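Below: the structure, in structure tokens.
The values are calculated or read from the model by the stated rules, or taken from the named source; none is laboratory data. What you see is a predicted model; the values in this text were computed from it and never measured. Neighbour counts are summed over all protein chains in view; Cβ atoms, including those assigned to glycine, are modelled from backbone coordinates with ideal geometry. The accessibility values were calculated without ligands, DNA or RNA, using every heavy atom of the protein model including side chains. Shrake-Rupley method; radii C 1.70, N 1.55, O 1.52, S 1.80 Å.
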Amino acid sequence: MTGPFRAIGAYTVLALCVGCASDSGDTMSSGRILVAHRGASAYAPEHTRAAYELAIEQGADYIEPDLQITSDGVLIALHDLSLERTTNVAEVFPDRFREEVIRGTMLVRRWYASEFTLAEIKQLDAGSWFDPRFAGERVPTFAEVIEIARGRAGIFPETKAPEVYGDQGFDMERLVQAELQRHGLDVPGGVPGTPVLLQSFSAESLRIMRQDLGIDLPSTFLMGTDTDERVWFTPEGFERIKEFATGIGPSKNVLVAFPDAVAKAHAAGLTVIPYTFGGGDADSFPTFQEEMWHFLYTFGADGLFTNNPDLFPRDES
Ligand code: G3P
Ligand code: CA
């Protein structure tokens, strides 16, 4: 595996700065956490049983379901608010779309998950869009994802757009809590072999789960969309994060822009699990594996989200 200074481009700077970060203040476990992003989503359709099973086979410590809500109030594993990118909803329910204008001029059709019952969503093929060999894969419920992981891997559920669902009368955080409770997973160590980490881009969602609902599970504050890291990556910012989360999940770009963030977060007692590696391009690195290696062992991150669990570098050698 590559050494810290073999990285090229923008990340070379990181190598120089962040090596020092992992030497100081790293009170975390030396083992790194492999989070299978939407399952092994480089090789199988995201958020399907096939993707999660493959991720576990490939050694994932955690599988990652993004959560959306059906019209009858069931949590499902789905990244987008709508179904058309990853299912054949447009064929099965051709008239059930909403038309929207995006980017000022482009007319698009959206089939929102929250306008379909679970029974309707279960009719959809969630695999063929990726490859015909996955025809017949279904959109799993959160409960089904939990059962796939039970005793075999951790789960790292993300509350997606909780405020959108709140406006529709759903309480995503309570639904998550209820599902975790039903499966004995609402407390640390509830199910041996299946640790639970919560995550959200919404600080408020994490705050609700921790403070209002009293869910005593570790959680990760995702950063890199509309967060202002200049505010969060200050001593005061980290102290604020600790009120509702136990770690941060920055995008790769955030860590490039703030190369001392790992050291600072560790010094504040927060874990750092960046996203997302593999599946697209490896940015300035020759391979996905070298990019992951760099963030884990030069940068000192505690783990990472990857679409390619099989390429996760387990150790520094
Ligand atoms: O949850 C970490 C990462 O998955 C965030 O990005 O858009 O893939 O959910 P997204
Ligand atoms: Ca996610």
Exactly one of PHE295, PHE305 is within 28 Å of ARG210 (Cα to Cα) and touching a Phe, Trp or Tyr at 6+ places or on another chain (Cβ under 9 Å), and that one is PHE305
Find the residue count for segment 47-77, including only residues that are surrounded by fewer than 24 Cβ atoms within 10 Å (Cβ to Cβ) and within 11 Å of ligand 2 (Cβ to nearest atom). 1
I'm checking my understanding of the structure. Among residues of segment 186-196 that are open to solvent by less than 50 Å² (accessible area, probe 1.4 Å) and in contact with a Leu (Cβ under 7 Å, 6 or more places away or on another chain), which one is nearest to ligand 2 (Cβ to nearest atom)? VAL196
Among residues of segment 278-307, those that are within 12 Å of ligand 1 (Cβ to nearest atom) and at pLDDT 95 or above, counted: 5
Might you check whether a residue that is out of contact with any strand residue (DSSP E or B) (no Cβ under 7 Å at 6 or more places or on another chain), without any contact (Cβ under 8 Å) to a residue 24 or more places away in the chain and more than 16 Å from ligand 1 (Cβ to nearest atom) occurs anywhere in segment 106-114? yes
In segment 233-255, is there at least one residue being away from ligand 2 (no atom under 16 Å from the Cβ), more than 19 Å from ARG207 (Cβ to Cβ), of a type in the set (A, V, I, L, M) and not in a strand (DSSP E or B)? yes
Output for segment 42-70, where each listed residue is in a helix (DSSP H, G or I) and among the aliphatic types (A, V, I, L, M): ALA50, ALA51, LEU54, ALA55, ILE56
Within segment 144-164, which residues are within 16 Å of ligand 2 (Cβ to nearest atom), in a helix (DSSP H, G or I) and in contact (Cβ under 8 Å) with a residue 60 or more places away in the chain? VAL145, ALA149, VAL164
Take the residues in segment 131-143 that are charged (D, E, K, R) and assigned to a loop (DSSP other than H, G, I, E, B), then tell me which one is surrounded by the most Cβ atoms within 10 Å (Cβ to Cβ). GLU137
Complete set of residues in segment 247-274 that are open to solvent by 10 Å² or more (accessible area, probe 1.4 Å) and either touching a Ser or Thr at 6+ places or on another chain (Cβ under 6 Å) or of a type in the set (Asp, Glu) (or both): ASP260, ALA263
Of the residues in segment 218-237, those that are open to solvent by 10 Å² or more (accessible area, probe 1.4 Å) and either within 16 Å of ligand 1 (Cβ to nearest atom) or under 21 Å from the mean Cα position of the chain (by Cα) (or both) number 9
Filter pass, ASP80 being within 23 Å of GLN199 (Cβ to Cβ) and assigned to a loop (DSSP other than H, G, I, E, B): yes
Restricting to segment 292-305, what's the tally of residues that are over 22 Å from LEU217 (Cβ atoms) and in contact (Cβ under 8 Å) with a residue 60 or more places away in the chain? 7
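Let's see how each residue does on (1) open to solvent by 40 Å² or more (accessible area, probe 1.4 Å); (2) in contact with an Asp or Glu (Cβ under 9 Å, 6 or more places away or on another chain); (3) closer than 27 Å to HIS37 by Cβ:
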site: HIS79; (1), (2), (3): yes, yes, yes
site: LEU83; (1), (2), (3): no, no, yes
site: PHE93; (1), (2), (3): no, yes, no
site: THR105; (1), (2), (3): yes, no, no
site: TRP111; (1), (2), (3): no, yes, yes
Checking the condition touching a Pro at 6+ places or on another chain (Cβ under 9 Å) and farther than 19 Å from TYR165 by Cα, which residue from ALA90, ALA55 passes? ALA55
